Amino acid sequence: MSPRDDRLQVFTKMAEADPTNELAHFSLGKAHFELRNDAQAESALRRTLELNPGHAQAHRFLGEALLRMGRKEEAVAVLKAGILIAHERGEFQPRNQMQDALEKAGVEPPKPQTIVKPTSFNAAPAGAAAPPGTATSAGGFVCKRCGRANPRMEEAPFLNDLGKRIHDTICQPCWREWFAMSIKVINEYRLNLLSPQGNEVYETHMKEFLGLE
Ligand SMILES: [Zn+2]
């Protein structure tokens with residue numbers, strides 16, 4: 001059995017065991033989406049949106065699954081709503097992905113405007129990290145996840161390449177948001193972070209939350 005099928009089984013069990021487990025339904029929907037099981041992806045993602053109508057990523061995967069199934073009208077409605085939600089929540093990566101999906105489908109996407117623009121927003125392209133050691137909130141650092149010139153973390157959260165990457169690209173408020181979310185993830189999945197499997201699930205969720213591929 002491939003690790004992917006394995007995950008599918010774990011998520012299916014979790015979603016069945018607790019019909020209100022938003023994370024389990026979303027993970028199941030995303031796993032089906034990646035395997036191109038579009039009908040199954042649709043049902044898990046619709047359940048996710050019943051539990052949390054503000055889930056931006058669930059809109060994205062549902063919209064793209066509907067497009068693949070040729071249900072363009074429904075897809076357009078889902079993606080348009082998802083773009084506005086993602087924008088409002090500062091989740092710019094899924095917002096851009098949904099805008100691209102609509103454009104590819106030949107539909108003009110909504111382009112919500114950022115109302116409060118940090119003054120240094122134009123000083124550096126999004127995603128650009130200040131050179132290590134010189135970074136402050138005024139040093140041209142723009143967080144890759146939220147697009148804001150927020151303060152950086154004082155040090156890398158992990159002593160490996162991933163930790164360095166997070167330190168270089170993610171602001172402190174976003175990291176704190178993930179930290180609060182990670183407690184939920186660890187509890188819901190009963191993760192053992194000392195096991196390689198537990199670590200993998202943790203990292204997958206962290207990368208997705210922070211918008212790191
Ligand atoms: Zn941020």
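Among residues of segment 82-100 that are more than 12 Å from Arg60 (Cβ to Cβ), those with a Cβ under 8 angstrom from a residue that is open to solvent by less than 50 Å² (accessible area, probe 1.4 Å) and among the aliphatic types (A, V, I, L, M), sequence gap 6+ or separate chain, pair up as Arg89/Ala56; Phe92/Ala86. Among residues of segment 75-92 being away from the ligand (no atom under 16 Å from the Cβ) and within 14 Å of the chain's Cα centre (by Cα), the one that is nearest to Lys30 (Cα to Cα) is Gly82.
Taking the criterion of being under 27 Å from Met14 (Cβ atoms), touching a helix residue (DSSP H, G or I) at 6+ places or on another chain (Cβ under 8 Å), away from the ligand (no atom under 14 Å from the Cβ) and at pLDDT 85 or above, would at least one residue in segment 136-159 satisfy it? Full working, then the answer.
Just the residues of segment 136-159 that are under 27 Å from Met14 (Cβ atoms), to begin with: 145, 157-158.
From what is left, the residues that are touching a helix residue (DSSP H, G or I) at 6+ places or on another chain (Cβ under 8 Å) are 145, 157-158.
Checking the rest, the ones that are also away from the ligand (no atom under 14 Å from the Cβ) come to 158.
Then drop every residue that is not at pLDDT 85 or above, which leaves none.
Among the residues of segment 136-159, not one is under 27 Å from Met14 (Cβ atoms), touching a helix residue (DSSP H, G or I) at 6+ places or on another chain (Cβ under 8 Å), away from the ligand (no atom under 14 Å from the Cβ) and at pLDDT 85 or above, which makes the answer no.
Quick check: is even one residue across segment 65-74 within 19 Å of the chain's Cα centre (by Cα) and within 28 Å of Gln197 (Cβ to Cβ)? So far as segment 65-74 goes, yes, one or more of its residues are within 19 Å of the chain's Cα centre (by Cα) and within 28 Å of Gln197 (Cβ to Cβ).
Matching residues to (1) open to solvent by 40 Å² or more (accessible area, probe 1.4 Å); (2) over 17 Å from Arg89 (Cβ atoms):
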{"residue": "Gly163", "(1), (2)": "no, yes"}
{"residue": "Thr169", "(1), (2)": "no, yes"}
{"residue": "Gln172", "(1), (2)": "yes, yes"}
{"residue": "Arg176", "(1), (2)": "yes, no"}
{"residue": "Lys184", "(1), (2)": "yes, no"}
{"residue": "Glu188", "(1), (2)": "yes, yes"}
{"residue": "Leu193", "(1), (2)": "yes, yes"}
{"residue": "Glu203", "(1), (2)": "yes, yes"}
{"residue": "Glu213", "(1), (2)": "yes, yes"}
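If the condition is being open to solvent by 80 Å² or more (accessible area, probe 1.4 Å) and under 27 Å from Trp178 (Cα atoms), then segment 87-105 contributes Glu88, Arg89, Asp100.
Taken over segment 154-200, the criterion of being in contact (Cβ under 8 Å) with a residue 24 or more places away in the chain and under 17 Å from Asn21 (Cβ atoms) is satisfied by Met181, Ser182, Lys184, Val185, Glu188, Tyr189.
Suppose we filter Leu84, Leu51, Leu67, Leu35 for residues that are touching an Asp or Glu at 6+ places or on another chain (Cβ under 6 Å) and either of a type in the set (Val, Ile, Thr) or open to solvent by 40 Å² or more (accessible area, probe 1.4 Å) (or both); which single one remains? Step by step, each of Leu84, Leu51, Leu67, Leu35 is checked, and only Leu51 is touching an Asp or Glu at 6+ places or on another chain (Cβ under 6 Å) and either of a type in the set (Val, Ile, Thr) or open to solvent by 40 Å² or more (accessible area, probe 1.4 Å) (or both).
The values are calculated or read from the model by the stated rules, or taken from the named source; none is laboratory data. As the structure is a prediction and not an experimental result, all values here were calculated from the model. Here Cβ is always computed from backbone atoms with ideal geometry, including for glycine, and neighbour counts include all displayed protein chains. We work out accessible area using only protein heavy atoms, side chains counted, and drop any ligands, DNA or RNA first. Shrake-Rupley method; radii C 1.70, N 1.55, O 1.52, S 1.80 Å.
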